[in-house]
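Peer 1: Could you have a look at this structure, given as structure tokens, before my questions?
None of the figures in this text is laboratory data; all of them are computed from the coordinates on show. Please read these numbers as outputs of a predicted model, since none were measured by experiment. Note that each Cβ is placed from the backbone with ideal geometry, even for glycine, and that neighbours are counted across all protein chains shown.
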């Protein structure tokens, strides 16, 4: 149920009330029985707690291990490729697309 904010026109008392969407707005102040006006609420803030909010939280343990392994290994140059003859163009393109930090440009 939403929380609505009200302000008393007589005494200025501000209060909140949990009401269903279909419920009629309140008419009287709980303190002085004066007329109240429903205010436009700011809504609830979104709070992200726990895991599951980042792409890395969804990764399987196998994926995480492989990614860490690849990250720790130096980038292969075309000369050190074990399949040098079959993938020479792929390795050359890969090494051209990398900056001095070893990360691919994108």
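Peer 1: State the extension gain, in nm to one decimal, for the chain segment bounded by residue 22 and residue 73, taking 0.36 nm per residue of separation less the distance between their alpha-carbons.
Peer 2: 12.2 nm
Peer 1: Using Cβ contacts closer than 10 Å as the measure, can you line up 17, 70 from fewest to most?
Peer 2: Result, fewest neighbours first: 70, 17.
Peer 1: Also: Quick one: if you stick a label point 7 Å off each Cα along the C-beta vector at residue 1 and residue 15, how many nm between them?
Peer 2: 1.4
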